[in-house]
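Trainee: Structure below; questions to follow.
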Amino acid sequence: MAFLEYRPRSALFHYCGALGFEGITGNGSIWLTDLQHANDPKELQLTHVIDRVMTELADNEATAPALKATYLHLQRRLHLLRTRFGMYSFSLSLRGDQLPMWQEYTDRGRGFCIGFRASAFNHMPLRVQRVSYAKPDYFGSIHSRVEEISKPFVGHEHDFVKEIEPMTNILALITSVKDDTWAHEDEVRLIFSSMAKPSDFEGGPMWPVSLLRDGTAVYPADPLIRVRNGSQVPYFMKPFGRLLSSAWDPSRAISHVLIGPNNDRSIGQISEYLRKKGYSDFEVTKSRCAFRP
């Protein structure tokens, strides 16, 4: 079941090439990619900022001893997690038919923009986040957020269950803040966290990383691997739509498909393709944008 840190009220758009479109619609699944391989080279660098903030807060003479112990404990946990980050993301936008997005993500307009209904991901075992965009001088605001997350945990440093909430909130902060130079994307993220792998347990008990809508536990698994630009990129493939009696139904998850400005497929061809794949109650249109491929 999705944790709706952000609750969308309108369609969510995903820009992709022709092969990505066929993969998503043909399989009724999305690929969530390791954020360490994202387009933004600054991705996850907020980890280092938060580490510095915790050090400053712990070293501050005005910080109470109990709160100092909390900062140091959470900082140690962050150091452990940093060595095996497993934050997998699928990117969406609140803006459809945007020229910069066609140019960047759709093979120069030869691809598609898929409009998903706001509820299309509610049954999935992930977190829905709206990205916020920060200017280079946002360091002070991170201080306040770290303090806010840490204070309720004071005195519970040896309680593993209570530790889950502040660490989850810290990781959510790391994955939902980007440099304001990316603000034109107006991004909403689906985040699947799987920092453990079966090999990490070495025969010991495995703990679920999430739950499905029907209560079924989602256990750690090794990610799939694909090669992109000569690098091995870890990812997970997850079905979208409604979970009904242990089967996924994506038939009404897509509300709109825009055909790219340099894509020669017709509205009729794409409509027929989607119907054959079992989709219903959707609209297909051509992009209003225009640029040379």
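Trainee: Which residues, counting only those in the stretch 139-155, are open to solvent by 60 Å² or more (accessible area, probe 1.4 Å) and either of a type in the set (F, W, Y) or without any contact (Cβ under 8 Å) to a residue 60 or more places away in the chain (or both)?
Mentor: Listed by number, the residues that qualify are S141, S144, R145, E148, P152.
Trainee: Are any residues in the stretch 216-225 part of a loop (DSSP other than H, G, I, E, B) and open to solvent by less than 50 Å² (accessible area, probe 1.4 Å), and if so, which ones?
Mentor: Filtering the stretch 216-225 for residues part of a loop (DSSP other than H, G, I, E, B) gives 216, 219-223.
Those that are part of a loop (DSSP other than H, G, I, E, B) and open to solvent by less than 50 Å² (accessible area, probe 1.4 Å): P220, A221, P223.
Trainee: Considering the stretch 169-194 alone, what residues qualify as being of a type in the set (G, A, S) and either open to solvent by 10 Å² or more (accessible area, probe 1.4 Å) or part of a helix (DSSP H, G or I) (or both)? First the steps, then the outcome.
Mentor: Residues of the stretch 169-194 that are of a type in the set (G, A, S), as a first pass: 172, 176, 183, 193-194.
A172, S176, A183, S193 - these are the residues of the stretch 169-194 that are of a type in the set (G, A, S) and either open to solvent by 10 Å² or more (accessible area, probe 1.4 Å) or part of a helix (DSSP H, G or I) (or both).
Trainee: If I ask for residues that are part of a loop (DSSP other than H, G, I, E, B), closer than 30 Å to E157 by Cβ and either touching a Phe, Trp or Tyr at 6+ places or on another chain (Cβ under 6 Å) or not hydroxyl-bearing (S, T, Y) (or both), which ones from the stretch 74-128 would you list? Working first, answer last.
Mentor: Pass one, the stretch 74-128, residues part of a loop (DSSP other than H, G, I, E, B): 83-86, 94-98, 106-111, 117-126.
With the extra rule that they be closer than 30 Å to E157 by Cβ, the set shrinks to 83-86, 125-126.
Hits for the stretch 74-128 are R84, F85, G86, P125, L126.
Trainee: Tell me which strands (runs of 3 or more DSSP E) are completely within the stretch 226-293 and hold 2 or more residues being at pLDDT 95 or above, or say none if there are none.
Mentor: Numbers: elements: 231-239, 242-244, 247-249, 254-259, 283-286.
Filter on the stretch 226-293 gives 231-239, 247-249, 254-259, 283-286.
Trainee: Still on this model: Can you tell which of G28, G17 is under 18 Å from the mean Cα position of the chain (by Cα), touching a residue at least 12 places away in the same chain (Cβ under 8 Å) and under 20 Å from F236 (Cα atoms)?
Mentor: G28
Trainee: Take V209 and decide whether it is touching a strand residue (DSSP E or B) at 6+ places or on another chain (Cβ under 9 Å), at pLDDT 95 or above and surrounded by 15 or more Cβ atoms within 10 Å (Cβ to Cβ).
Mentor: No: the conditions fail for V209.
Trainee: Another one. Looking at (1) touching a helix residue (DSSP H, G or I) at 6+ places or on another chain (Cβ under 6 Å); (2) under 30 Å from G17 (Cβ atoms), which is the one condition that is false for A120?
Mentor: Looking at each condition in turn, A120 falls short on (1).
Trainee: Here is a further query. Does V177 satisfy the condition of being under 21 Å from R7 (Cβ atoms), in contact with a helix residue (DSSP H, G or I) (Cβ under 9 Å, 6 or more places away or on another chain) and hydrophobic (A, V, I, L, M, F, W, C)?
Mentor: On the way: under 21 Å from R7 (Cβ atoms): yes; in contact with a helix residue (DSSP H, G or I) (Cβ under 9 Å, 6 or more places away or on another chain): yes; hydrophobic (A, V, I, L, M, F, W, C): yes.
Yes.
Trainee: Return the total of residues in the stretch 6-60 being assigned to a loop (DSSP other than H, G, I, E, B) and at pLDDT 90 or above.
Mentor: Initially, the stretch 6-60 is screened for residues assigned to a loop (DSSP other than H, G, I, E, B), giving 6-11, 17, 28, 38-45, 60.
Pick out the ones that are also at pLDDT 90 or above and you get 6-11, 17, 28, 60.
The number of residues fulfilling the criteria is 9.
Trainee: Right, next: When you check R127 against the structure, is it more than 27 Å from A221 (Cα to Cα), charged (D, E, K, R) and open to solvent by 10 Å² or more (accessible area, probe 1.4 Å), yes or no? Give the derivation first.
Mentor: On the way: more than 27 Å from A221 (Cα to Cα): no; charged (D, E, K, R): yes; open to solvent by 10 Å² or more (accessible area, probe 1.4 Å): yes.
Judged against the criteria, R127 is not a match.
Trainee: A further question follows. Of all residues in the stretch 229-276 being on the phi > 0 side of the Ramachandran plot and without any contact (Cβ under 8 Å) to a residue 40 or more places away in the chain, which is surrounded by the most Cβ atoms within 10 Å (Cβ to Cβ)?
Mentor: Keep residues of the stretch 229-276 that are on the phi > 0 side of the Ramachandran plot, which gives 229-230, 241, 245-246.
Filter again for without any contact (Cβ under 8 Å) to a residue 40 or more places away in the chain, leaving 229-230, 245-246.
On the way: N229: 6, G230: 5, S245: 6, S246: 8.
Checking each candidate, the answer is S246.
The values are calculated or read from the model by the stated rules, or taken from the named source; none is laboratory data. What you see is a predicted model, and the numbers here were worked out from it, not measured in a lab. Note: ideal-geometry Cβ built from the backbone for every residue, glycine included; neighbour counts use all protein chains shown. Surface areas here come from the heavy atoms of the whole protein model, side chains and all, with no ligands, DNA or RNA. Shrake-Rupley method; radii C 1.70, N 1.55, O 1.52, S 1.80 Å.
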